[in-house]
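The values are calculated or read from the model by the stated rules, or taken from the named source; none is laboratory data. Keep in mind it's a predicted model, so treat the numbers as computed, not measured. Positions of Cβ are backbone-derived with ideal geometry, glycine not excepted, and every protein chain shown enters the neighbour counts. Just the protein is used for accessible areas: all its heavy atoms, side chains included, with ligands, DNA and RNA removed. Shrake-Rupley method; radii C 1.70, N 1.55, O 1.52, S 1.80 Å.
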Amino acid sequence: MTASPKPATNLAVNADRLWASIEETARIGATAKGGLRRLALSAEDAEVRAWFKTACEAAGCTVAIDSLGNMFARRPGRNAALPPIAIGSHLDTQPTGGRFDGVIGVLAGLEVLRLLQEAGIETEAPIEVINWTNEEGARFAPAMLASGTFAGVFSAEYAYSRTDRDGVRFDTALDSIGARGEGLGHALSAHFELHIEQGPILEAEARTIGVVTGVQSIRWYEATLIGSDGHAGATPMRLRRDALLGTARVIEAVHRLARAHAPDAVGTVGLLENRPNSRNVVPGEVFFTIDLRHPDDAVLAEMDASLRDALAEIATADGLELSLEQTWESPAVHFDAACIARVRQAAAAFGYPSRDLVSGAGHDSAYIARVAPTTMVFVPCAGGLSHNEAESATREDVAAGANVLLHAVLATDAALTG
Ligand code: HGY
Ligand code: MN
Ligand code: MN
């Protein structure tokens, strides 16, 4: 490939081609309501991974897979000694997920590869588009498990040992779709991620681009309340130890705790297994999860203490046994100032209205920020809706986000060349 002239600033992605790729991959794991079910390391995940590999190879890349199944589509640059500039996100989804969460980040990366190949532009550094395994944490907790392992936050053994709610281990699932590659961890010159905001701010303020300055703090818990199974007809109310009633009180307490730290705190009980779950048995045991978040680590630590007090009080008052384990903590993240500035400049160069914001959702970039200069680009989604089959974004906004991503990457490459 011959050296090419400096890319024109009016270089823009092919919006139709990018949208067509989103539509094409949306058929893999499509749900009846127009969403996606592509759980990590499922057959649907395997199918979209194969699609992604073929598309990247057609765009002139080599595709490597590491020991966690992370996929790296690398386009060579002039200087092979430079670590690649990465564009990463995820192709796995929630069980009733949307067609844009994670997907636009990976497919916008593919569009950048296609555009550079079409325009015959040779960058100084290699460009690497990454599909991070199991970002959602819906099947294997915690979220961002594979990018966290790449960043050295978790050991590979820990990641492999994580099981889904059917008891299937991560490594067993990885091997079941032939997604276990080799090696773990390599240098990156930078990491950029395009994502829908998954919240209401950009749409409400009619902004096209979110300049993401960081990610809020997250804590996940697993809990079990144990009471006593009983006959729904013959057990007097005063003698019951109803674990589901206790769980209902916990759910109310979690909501009260988040409201007490409004407007930034959020709290969710999202997964619940009621046992024996029979219509005429007083529930004797409930397993459930708690997700607490706040932009400030110190406030989240206070919320943690209040949560523990509240749950202990409920268990005592209802005569229940409580086991509560914090299973994940992802501290607040501040992204790289130079990368943020390039996103801001690229948005301004295209005349896209933008604003800074901190991500409410977790992302692979939160962990990759520990090992490489990292930031994110947000675009609006309708009603701020996400993790919902009705999730939607416009073709224009997705293309705008991809243009900002493209030029932030090219500006990074120019800085590396300089
Ligand atoms: O949980 C999250 O914020 C992300 O969707 N994994
Ligand atoms: Mn996501
Ligand atoms: Mn998600």
Between Ser359, Ser189, Ser323, find the one with the highest GNM mean-square fluctuation for the chain; connect C-alpha pairs within less than 10 Å.
Ser323
Give me the number: length gained by fully extending Asp166 to Ala317, i.e. 0.36 nm times residue separation minus the C-alpha to C-alpha distance, one decimal in nm.
51.1 nm
Sort 283-294, 307-318, 338-349 for me by packing, meaning the mean count of neighbouring Cβ atoms within 10 Å per residue, highest on top.
283-294, 338-349, 307-318
Among the complete DSSP H segments of the chain, which ones combine at least 27 Å of alpha-carbon extent along their axis with a mean Kyte-Doolittle hydropathy of 0.5 or more?
297-317, 395-417
Trypsin sites (Lys or Arg not before Pro) within the stretch 132-214: DSSP coil, no more than 14 neighbouring Cβ in 10 Å
Arg165
Compute the label zone of Glu182 within the stretch 51-77: residues whose backbone N is under 16 Å from the point 7 Å along Cα-to-Cβ.
63-70, 72
Nearest-0.05 FRET efficiency for Leu272 and Ala43, computed from C-beta distance (R0 35 Å)
0.85
Where no second cysteine Cβ lies under 4.7 Å, the cysteines concerned in the chain
Cys339, Cys381
Accessible area per residue in Å² at 1.4 Å probe, computed on the chain
40
Highest-MSF residue in the chain out of Gly97, Gly137, Gly120 [GNM, Cα springs under 10 Å]:
Gly120
Gaussian network model of the chain, Cα springs within a sub-10 Å range: biggest mean-square fluctuation belongs to which of Ala15, Ala58, Ala73?
Ala58
Please compute the length gained on full extension between Glu23 and Ala204, using 0.36 nm multiplied by the number of residues separating them and subtracting their Cα-Cα distance.
62.6 nm
Distance from a point 7 Å along Cα→Cβ of Glu222 to each backbone N in the stretch 308-341: keep the residues under 19 Å and list them by number.
308, 321-330
For the stretch 300-418, place one equal point scatterer on every Cα, skip the solvent, and apply the Debye formula. What is log10 of I(q)/I(0) at q = 0.09, 0.17 Å⁻¹?
-0.42, -0.96
Counting only protein heavy atoms and using a 1.4 Å probe, what share of the accessible area of the chain belongs to carbon plus sulfur, as a whole percent?
52
Gain upon complete extension [Ile251, Met237; 0.36 nm per residue less C-alpha separation]
2.9 nm
